[in-house]
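Read the figures in this text as sums done on the coordinates, not as results from a lab. Keep in mind that what you see is a predicted model, and the values were worked out from it rather than measured. Cβ placement follows ideal geometry from the backbone for every residue including glycine, while neighbour counts extend to all protein chains displayed.
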Amino acid sequence: MSYKEALEVRHVSKSYGKVRALVDVSFTVREGEYFCILGPTGAGKTTLLKIISGLLKPDRGKVIVFGEDATDLPPEVRNISYMPQGYALFSHLTVYENVSYSQWIKGIKSDKPLEALRIVDLERRKDNYPYELSGGQQQRVALARVLASGSKILLLDEPLSALDAVLNIELRRELRMMVKELKLTAIHVTHNTAEAMSIADRILVLRKGRVEQIGKAHEIYDIPSTIFTAGFISEINYIDGVIVGSGAGLFYIKTNIGTISILRERSHVREGNVIVVFRPSDIRVFKKVTNDDNVFKATVKDVEFLGLITRLHLRIKTWDVIADVWTSTSESYRKNEEVYVVFPPEWGIVYQYPKEGLMLEVLGE
Amino acid sequence: MNEMPNVEILNVSKRYGNIVALDNVSLKINDKEYVCIIGPSGSGKSTLLKIIAGIIKPTEGSVIIDGVRVDDIPLSERGIGVVMQDILLFPNMNVRDNVSFPPLVKGLDYGTVKSIVSEIIRDLSLVTLAERYPDELSRGSQQKVAIARAVASGARLILMDEPMGSLDTRSSRILRYELRSLIKDLGLTAIHVTHNQEEAMSVADRMVILRRGKVMQVGTPEEIYFNPKSLFIARFVGGEVNAFEGIVEEVSGDKATVYVKGLGRFEGKIMEGVSKGDKVGIAVRPEDVIVTESHETEIKGCVKSLTYYGFCYEIDLKIGNHILKVKVPRRRWFSPDIGDEYYIDIIRAYVYRYPEEGLERAIAYE
């Protein structure tokens, strides 16, 4: 299958004085794709969107839009619409006036604003003022305003972050469906991992202005290329060790709590000092000892009830581990109880021990 | 344990013109208790917190703190520490000086302040960041400093309005656990407003659920999760719920066998008095549906759409005219695809009287 490229960002760098906001960022977005840029606050996400939109100029690098170099083009001729974070609506204008504002300024009359309101299902509220709408409806007005521009590429900066968790989940679906039905290309910036995983075709993980990984949600979750990405996507348990042997498709890693075996293909390195990573949801907890590989005895230090999951804070010798169990079908656990913990070899991930130090790599601080 | 309530809210109402923000709210919060107030936006949760703080006055009712009616006492004299969503630190002071500011202003001697501040900084693992300035910290660490400062003031009651509101998922998960430990270690009373139910469950001893200005349910996270008093709460705690109309076929103790047209027959827990033949509203949480390929059950569905969240799959199963939302933990043998067929087993359901306003309005997020 061949895809047309809607957007290419080529070796883009940007500094503010001594602060390097973006460092040699490259990626392409296909036409019709829903693309998320995920990273912590300060990673450079908004700077990147502003450069794509034309509001900022990169120090180096190019922005290619539908095959044409747009690096020196002004924002209004790029065929790109930018919805900034906070999406302020004009409080003294009606819903319709808000949505048709940019056309009104340009002196254009068209059906596009009404059409956009129909798409977000707010046509009947067109004469209302923003304060008469709920937060979710205001969000949809802001989206309608972007859609009415008629641009083929949408840049959305944290479009759902102002919403309550429940509304956020509802609007994710609507937003993705809208973009797909209208055959638009969306680039959506967020720091919310679940939001990115559920809405995006592909995700770019950005950290300190650099691209850490680009891939589908399952690729980034299952085989994160760096410890940082692993730890940003969900909490992780990690322990340092040394690869001491291999065999039967496994690496054997000596750690403080004993030897842990990990499937060879789950390791980024073949020898030396390493970090072994396990996600809390991939660890199994049992009341009785089992025959599995990598079984360790543990003490329950704390039980954190979270509804869908119950988070067990465990201690194995000197290692503090968190394990998430599925509340609905799980047994119940009590503080100070002794349990057996299994680390399945097929779910661990092994990284080279980071030269810059572990805390910096894991926490990015 | 000391059962004297530290904070008591007595018949508090707040009206803005015709709009009722709070409607006759009464609540007791015990000494050293961590309480979360949770509800959709517009439910009145921030208004309630501001009334406790003394930032706004109730139209009716009273607030009693440590046995004293504080209705006419301003915020500055209520002995309360406040943490807001917007992080307000002194940009020209490092972490240690920011945290030391409130006790120094209160006139404590330098030596005492130094030892109080050192303890708090250690408890919140801020030691390595103590000499840094706010703009050199991540947002998570900035908010930690704001919490440390509120605690350093010596207040025994800490009020927090969406303290994780501006943090990314990972930072807020780490901070909330540290926050609860700090409050418990220091033996403080905390009232924490949030719209995030997972955050509330993680930190709270008890949760207060508000909707449309009224208290809907008060209880421990487990009580509320396993005994949601209404269809709305079943939906709100968890974020998503399957809501069905059905008929009671059989009642036995607190269990009812219900029949949902086009879906089938299953058992649920009776949450409100219902009898045989009644039309009822039924809530089924997505995680309380078990999906199997091998084990035959009465109900079979087809995967219409699916989302991978890493630790679990969220699947919409089409069963007749119904869509059943299901959450399944990631397992080695389970890799669903669109069009796949599965047998399902509903292992937990909650049964309510059929709501007059209809199912959709009953669970609406407002």
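Laid out as a table, the results:
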quantity	calculated
Residues of region B:198-232 with amide N under 14 Å of the 7 Å Cα→Cβ point at B:R353	B:230-231
Point-to-point label distance, A:H218-A:T329, nm (Cα→Cβ direction, 7 Å offset)	1.9
Modelled FRET efficiency - R0 51 Å, A:D121 with B:K184, Cβ distances, 0.05 increments	0.65
Net charge contributed by nearby residues that have their C-beta within less than 13 Å of A:V211 (K/R +1, D/E -1)	+4
Difference of contour (0.36 nm per residue) and Cα-Cα distance, A:E356 to A:R210	51.0 nm
Angle between chain B longest axis and helix B:110-123 axis [Cα atoms, degrees, rounded to 10]	20
Gaussian network model of chain B, Cα within-10 Å springs - most flexible of B:G17, B:G39, B:G268	B:G17
Shielding by partners, peptide A:132-143 (average Cβ within 10 angstrom, other chains)	1
Prolate/oblate/rounded call for region B:133-292, Cα gyration tensor, a/c under 1.5 rounded	prolate
Modelled label reach - B:K214, point 7 Å along Cα→Cβ, region B:350-366 residues with backbone N closer than 13 Å	B:356-357, B:362
Cα gyration tensor shape of the protein assembly as shown, rounded if a/c is under 1.5, else prolate or oblate by comparing a/b with b/c	rounded
In Hz, Karplus ³J(HN,Hα) per residue of region B:192-200 (6.51, -1.76, 1.60; θ = phi - 60°; x = Gly, Pro)	10, 9, 8, 9, 9, 5, 5, 4, 4
Rg/Rh (Cα only; Kirkwood hydrodynamic radius) as it applies to region A:55-180	0.99
Exposure proxy ranking, count of Cβ atoms within 10 Å, fewest first, for B:W333, A:W104	B:W333, A:W104
Charge dipole magnitude, Cβ of K and R +1, D and E -1 - region A:172-218, Cα centre, debye nearest 20	120
Whole-Hz couplings from phi, Karplus 6.51/-1.76/1.60, listed for region B:44-58; x for Gly and Pro	x, 5, 6, 4, 4, 5, 5, 5, 5, 6, x, 6, 10, 9, x
B:D278 long-range amide H proximity, modeled H, under 5 Å	B:V248
Footprinting exposure proxy for B:T297, B:T169 (fewest neighbouring C-beta atoms within 10 Å first)	B:T297, B:T169
Rounded to 5, the percent of DSSP beta bridges in chain A classed as antiparallel	75
Cα→Cβ-extended label distance, 7 Å offset, between A:Y252 and B:V127, nm	3.7
Cα lying deepest toward the dipole's positive end in region A:236-363, options A:H268, A:N291, A:Q352, charges on Cβ	A:N291
16 Å reach of a label modelled at A:E76, 7 Å along Cα-to-Cβ, counting backbone N of region A:150-174	A:150-151
Centroid-to-centroid separation of region B:146-217 and region B:342-363 [C-alpha atoms, Å]	31
Relative contact order of chain B, pairs being alpha-carbon contacts under 8 Å that are 6 or more residues apart, as %	16
Selected from B:Y225, A:I187, B:Y34, residue furthest toward positive end of dipole (the protein assembly as shown; charges at beta carbon)	A:I187
Cα convex hull of chain B - mean projected area over all directions, nm²	22.3
Local electrostatic count, A:A186, Cβ distance below 14 Å [Lys/Arg +1, Asp/Glu -1]	0
Least to most buried among A:K355, B:K57, B:K50 (fewest other Cβ within 10 Å first)	A:K355, B:K57, B:K50
Given charges at beta-carbon only (K, R positive; D, E negative), |dipole| of chain A in Debye	400
Amide proton proximity set for A:A6, modelled H, under 5 Å, gap of 5+	A:V29, A:R30, A:E31
Label-point separation in nm, B:D337 to B:N11, each point 7 Å along Cα→Cβ	6.6
Acute angle (nearest 10 degrees) that the helix A:135-148 long axis makes with the longest principal axis of chain A, alpha-carbon atoms	60
Rounded FRET efficiency, nearest 0.05, which uses the C-beta distance separating B:D71 from B:I19 and R0 of 25 Å	0.70
Averaged over A:319-331, number of beta-carbon atoms from partner chains that fall within 10 Å	3
Charge dipole magnitude, Cβ of K and R +1, D and E -1 - the protein assembly as shown, Cα centre, debye nearest 20	880
Positive-end residue, the protein assembly as shown charge dipole about Cα centroid, Cβ charges, pick of B:N321, A:Y221, B:M216	A:Y221
Mean ellipticity per residue at 222 nm, deg cm²/dmol - from DSSP H runs of n ≥ 4 across chain B, formula -39500 (n - 2.57)	-7000 deg cm²/dmol
Helix-only mean residue ellipticity at 222 nm for chain A, each DSSP H run of n ≥ 4 adding -39500 (n - 2.57), per residue, nearest 500	-6500 deg cm²/dmol
Relative contact order, percent, region A:223-358 [alpha-carbon distance under 8 Å, six or more residues apart]	30
Sites A:F286 and A:S26, calculated FRET efficiency, Cβ-Cβ separation with R0 35 Å, nearest 0.05	0.15
